[in-house]
Structure formats: C-alpha cells, structure tokens
Amino acid sequence: MRQRLTFVSGTFDPLHAGHLAYLAKARELTGGPLLVNVSRDHYIFHVKGRLAVVPEVERLALLQRVLSRAYLLHLQHPEGDAEDILAFRPDHYVKGMDWTDRLPAPILAACDAVGTRIHYVESGSDVHASDFFTTHI
C-alpha cells in the first residue's frame, strides 16, 4: 500500500516562519511525506517582478535541512503544478488561504482528474514575503 502523499508548492523566498507553519499544517493532513515544489528564480522575477532574495539552490538546501520525509522538486511555478499533480497523483494539494478562489483552472482540473483533495490552510502567521517587499523596500 502506498503512503499518502501531500503536495505543496511555493517560492519560499525568503523562507520564513509562515512558510514553516504552512508546511507543518500540510504534513498534518496525512502524516506522510510531503512533495514540495520550490519555484525557480526566473519565476519569481517573471511573476513577482523582483529578483529572488535567496537563490533557488539555497532555498532548496534550507528546506532540505528543516524538512524530514520530504521530496523536494525544482520544477517550474505554481501554474505548472497541474502537470506534477497528474504525474505524482498526490492525495492532497495544499496552498495558503491567499490562494482561495485563485487556483488556475488547469490545477483544478488536474486535481479533479486524479482525485486529489484541495486544502487551503492558514499559516498561523501574518508574515507574507510579498507584503514585506511591497511595504519595506
């Protein structure tokens, strides 16, 4: 019997307490391994209009150190998660509450096609990296 798998994705740039709380809540869904897709630097520039604060290789290394029983992916970006959902067929797909009613149609369709449940979780933190950069820089 295969272990239940939970899929999460994000920029994690910079990695902060809100991200760690989000990952912990995602893990609580099944207690099984996490599949974590870490966005590439070019995605951050293209979508958020800024350079990555922490290079992608370092973000991967940080997540590898703080997460146990996790598989880290270094693929594309959140809109590209649909292909990964179809390939890995996770039991759960988790995003932060800020994604409620904003998931791209391909992700919704992929989850529906393979029976992946979508969850939106509170991080327990008011910290959002994007907010910091728009108000402090």
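The values are calculated or read from the model by the stated rules, or taken from the named source; none is laboratory data. Quick caveat: nothing in here was measured; it's all calculated off a predicted structure. Reconstructed Cβ throughout: ideal geometry from the backbone, glycine too, with neighbour counts over all protein chains shown.
Below, the figures for the structure above:
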{"read-out": "From Ser123, Ser130, residue being hydroxyl-bearing (Ser, Thr, Tyr) and either modelled with pLDDT of 90 or more or touching a Phe, Trp or Tyr at 6+ places or on another chain (Cβ under 8 Å) (or both)", "value": "Ser123"}
{"read-out": "Subset of region 1-14 (residues that are in contact with a Ser or Thr (Cβ under 6 Å, 6 or more places away or on another chain) and buried (at least 22 other Cβ atoms within 10 Å of the Cβ))", "value": "Thr6, Thr11"}
{"read-out": "Residue within region 11-26 that is on the phi > 0 side of the Ramachandran plot and touching a strand residue (DSSP E or B) at 6+ places or on another chain (Cβ under 7 Å) present", "value": "yes"}
{"read-out": "Verdict on Tyr93 being modelled with pLDDT of 95 or more and not in a loop (DSSP other than H, G, I, E, B)", "value": "yes"}
{"read-out": "Selected residue (criterion: farthest from the chain's Cα centre (by Cα)) from residues of region 43-61 that are at pLDDT below 90 and not aliphatic (A, V, I, L, M)", "value": "His46"}
{"read-out": "Identity of the residue in region 15-57, touching a Leu at 6+ places or on another chain (Cβ under 9 Å) and in a loop (DSSP other than H, G, I, E, B), that ends up surrounded by the most Cβ atoms within 10 Å (Cβ to Cβ)", "value": "Ser39"}
{"read-out": "Complete set of residues in region 102-121 that are under 11 Å from Ile85 (Cα atoms), in contact with a helix residue (DSSP H, G or I) (Cβ under 8 Å, 6 or more places away or on another chain) and in a loop (DSSP other than H, G, I, E, B)", "value": "Thr116"}
{"read-out": "Pairs with Cβ under 8 Å, 6+ apart, first in region 23-44 and free of Cβ contacts under 8 Å to residues at least 40 places away in the same chain, second surrounded by fewer than 16 Cβ atoms within 10 Å (Cβ to Cβ) and among the aromatic types (Phe, Trp, Tyr)", "value": "Pro33/Tyr71; Leu34/Tyr71; Val36/Tyr71"}
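Per-residue answers, yes or no, for (1) among the charged types (D, E, K, R); (2) buried (at least 17 other Cβ atoms within 10 Å of the Cβ); (3) closer than 12 Å to Leu5 by Cβ; (4) at pLDDT 90 or above:
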| site | (1), (2), (3), (4) |
| --- | --- |
| Leu63 | no, yes, no, yes |
| Arg69 | yes, no, yes, no |
| Gln76 | no, no, no, no |
| Ala82 | no, yes, no, yes |
| Ile85 | no, yes, yes, yes |
| Arg89 | yes, no, yes, yes |
| Met97 | no, no, no, yes |
